[in-house]
1. For helix A:368-379, what angle does its Cα long axis make with the longest principal axis of chain A, in degrees from 0 to 90 and rounded to 10?
2. Could you tell me which of B:Ser256, A:Leu353, B:Val219 has its Cα farthest along the dipole of the protein assembly as shown towards the positive end, charges placed at Cβ (Lys, Arg +1; Asp, Glu -1), taken about the Cα centre?
3. Where in region B:171-277 are there trypsin sites (Lys or Arg not before Pro) that are in a DSSP coil and have at most 11 other Cβ atoms within 10 angstrom of their Cβ?
4. Over 21 Å between Cα atoms, which of B:Lys53/B:Lys120; A:Lys18/A:Lys359; A:Lys444/A:Lys464; A:Lys407/A:Lys460; B:Lys39/B:Lys482; A:Lys28/A:Lys129 qualify?
5. Let me know the charge dipole size of region A:417-475 about its Cα centre in debye, to the nearest 20, where only the beta-carbon of Lys, Arg (+1) and Asp, Glu (-1) is charged.
6. Specify the angular offset, from 0 to 90 degrees and rounded to the nearest 10, of the alpha carbon long axis of helix A:298-309 from the longest principal axis of the alpha carbons in chain A.
7. For A:Thr27, what is the net charge nearby, where nearby means another residue's Cβ is under 12 Å from its Cβ and Lys, Arg count +1, Asp, Glu -1?
8. Using 14 Å as the cut-off for backbone N distance, which residues of region B:388-414 belong to the label zone defined by a point 7 Å from the Cα of A:Gln73 along Cα→Cβ?
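What follows is calculated from the coordinates using simple rules that are stated; it is not laboratory data. Quick caveat: nothing in here was measured; it's all calculated off a predicted structure. Glycine gets a Cβ as well: all are built from the backbone with ideal geometry, and neighbour counts include every protein chain shown.
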Amino acid sequence: MEFESVIGLEIHAQLKTKTKIFCGCSTKFGAPPNTHTCPVCLGMPGVLPVLNKKVVEYSLRMALATNCKINRQSRFARKNYFYPDLPKGYQISQYELPIAENGHVDIEINSHKKRIGITRIHMEEDAGKLTHNPDRPLSMVDFNRTGVPLIEIVSEPDLRSPEEAGAYLRQLRSIVRYLSICDGNMEEGSFRCDANVSIRPIGSETFGTRAELKNLNSFKHVEKALQYEITRQKEILSDGGEVIQETRLWSPDKNRTTSMRSKEEAHDYRYFPDPDLLPLVIDDTWINNVKKSLPELPDERKIRFINKFFLSSNDAEALTSSRELAEYFEECVKQFPNPKQVCNWVMGELLGLLNAEEKTINESPVSTGDLAGLLKLIDKGVISGKIAKTVFEEMAKTGRAPEKIVKEKQLVQVTDVSAIEEVVSKILSNNPKEVEAYKNGKTKLMGFFVGQVMKETRGKANPKIVNEVLKKRLIN
Amino acid sequence: MNLYELTINEASGFLRKGEISSKELTGSVLDRIDSVEGKVGAYITVAAESAMKQAGYADSEISKGNITPLTGVPLSIKDLICTKGLRTTCASRILDNFVPPYDASVIKKLKKAGAVIVGKTNMDEFAMGSSTENSGIKVTHNPWDLSCIPGGSSGGSAAAVAANMCLGSLGSDTGGSIRQPASHCGVVGMKPTYGRVSRFGLVAFASSLDQIGPVTKDVIDCGILMNAVSGYDPGDSTSVPEDVPDYTSFCKEGLSGVTVGIPVEYHKAEGLDKNVFAAVKNGISVLEDLGAVCVEVSLPHTKYAVAAYYVIAPSEASSNLARYDGVKYGFRDREKSRLMDMYQSTRSKGFGPEVQRRIILGTYSLSAGYYDAYYKKATQVRTLIMEDFKNAFKACDVILSPVAPTPAFKTGEKTQDPLTMYLSDIFTISANLAGMPGMSIPCGFSAAGLPIGMQLMGKHFNEGILLKTAYNFEQATDFHKKKPKI
């Protein structure tokens, strides 16, 4: 029997507000344990939460960017469970009335557009962090993260493959980064994902029994874990077995999922409206103000890049996947108005370099001005494309301007025909055997001669002129 | 006359004129506590040293001319209002060693006004109870008859005020916890409108019902304390940005033109003691003599109030009390090394039986599959009760009723029967469910000589009319002048 997989994702995005969602403590990452805390986020007796308006604004940005319907009145609810990283014994979240519902984003898979539904977006507070020291019979809890704002974005079960799930996840990450509301860093946990996955016979309308996958802390692991889980469920069904509803944990080092808890062991969170917080009322003015402040989003920018710069859909997609990269590209094009060539260099040399050094575009050692400067040098024929790559490497290493590097290292292209002719004469007279062979029809040796000339000129000779001079001399 | 016998208003006058010092006054109150605390048991913590320091500070402020009606006035605070550096136990073993690192908003206000805090008063554990017998720390006795309960949950506050162990006190009221002990101890108690006084720093029992309020010797004092603690607090999202009038000013107005509503349902209530009935009936005629018009009103959903309350309050409590898990502060059973064992043992040993009963009740009401039938239904009943009052207030300005169905009962009499105990809140619970202000003032004595109070309830943010009615009544009677012999 042929099966299809049905996947829905629950994404937690940590919001980049300066202070926590219900108190004035800093949200900064990496402080010594329990230094970004106060009676409120520590859950001391008698304290009360006060909602950070910035959190609402950031959530509204996301809601608008994902075409959600915004609830004019939403409520905070308490999600009750015991755990040492949860100081109040409940998490303030939203349940019955989230801030936004019924949205969608579009993804592209193999040049095919697909619309993925968003069930809801809600605000909540993050929990603290436990560390377990294996050498001591103690667990330590750090409440710095307690109360850091999160939004949870729940998708419809519209995804049909791990690739689609990956594309959707990347799309949402790109959106939160464009909106400047979240770092979108899965490895550091500022962008987290749980996946619900089930399979069903193709053509079936009903859903199969789903498993919820947790601990998916990189894009690669999301796809790998989903692939593993789909195969596992297929094997069970093919053997006549039954998938059971449960939460499963992905083990990245073992490349498999294992059962964490069954449906029967699932928590009853006893949600109820938080009596300490009033219903959140959002009026049109607020929504319109946020709407006005929204930046151009990845999809809009991609279309603009295709229309304005005549880039291919793939190039435009890649360049707009991050707001900073797209801005870098546009800044370069402003200074060197040849979009295709800028695109080639950004996607080729620059991203190659950044990937190798595991840097982001913001950390690029090559400024937009310098990259444009380099392209201008090629365009004017001052250096060859090949020399330009050497210059680029130097720029990346030292952060210096291309003009200076070219001048200092005397890399200016030799376009003087008589100078090239001189070198050619020398090479030909040094290699009489090869000249003979060439004249006897072994024309492949042309490459050898060009190579020798370039070696002699340390790559500076204009390759076009070298070819012309060589041809002329070898034919005569 | 002993200084500790003064009301806030009287003491403030003497302090202002320099006839007494706060050190003398505070010293007198501390001596009084020393001599009668053994009999009454009103205090969990007496802060003699810091009180004298605050008194000295108040005296220096007064000498500079910085004086408010509370400067130098010794007050007590119910032990679930957080006081920075001063142990706050909620009368629970689980918080036996808890010293708050911050002041509740009301404490900040009192300190700013120059008040002196002499100590923290006993209560039912986490304010759950009507007799102060559920305290995990000690027993409080009614100063009028030491074999009787002082009422609850603010029993320590009411007993301390009645026995002159402070000039006034702050309590908290979730279902009658200020009004009922005030009634049993013959003092004045007010539960303000929900949102009138900041709850920040009030250890939560049931967040949508809790409200801090004054317990005082007379009505003027109640107004003075209301002036000091009322007002919007950005730290409490449920506090309301509504102007604070001078509450003492209402005491100057007369009663003519005031319509008092008498709910027919309350006076048919089962178990209403004949002493209470007679005292309240007398109270009605006193008000009529003063020019008030009394009319019958109907609150048809009253019979469901206790049931709704005992679903909503425990539900919220089950969540509010989840933070006492032994991890961060308070008691932890250190014998247990596994997390679940530690949680269970800490909470089983740390909470008393009534608190555990309500946590279980509330957990059940909020559980999947029961939520709609219990919690949700109870909130719907709550809406109906609010509607009842809205309708009733179309025909009257004040609603009058008994506070408690009986005078103070004997210690131990009802501890084995929580349901009967719950029913003693029948007249007070509705004001919490509807969020309205309610007040208890002395209106008579039982044949056995125990004080009886009557309750006045008003529209939201209309504490003024309660104070006006109460003050006129007080001036026309002398119940508040009688003091327990102790």
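1. The two axes meet at around 30 degrees.
2. A:Leu353
3. Passing both the DSSP loop test and the Cβ count: B:Lys268.
4. A:Lys18/A:Lys359
5. Dipole magnitude for region A:417-475 comes out near 160 debye.
6. Approximately 20 degrees, to the nearest 10.
7. Neighbourhood net charge equals +3.
8. Inside the label zone: nothing.
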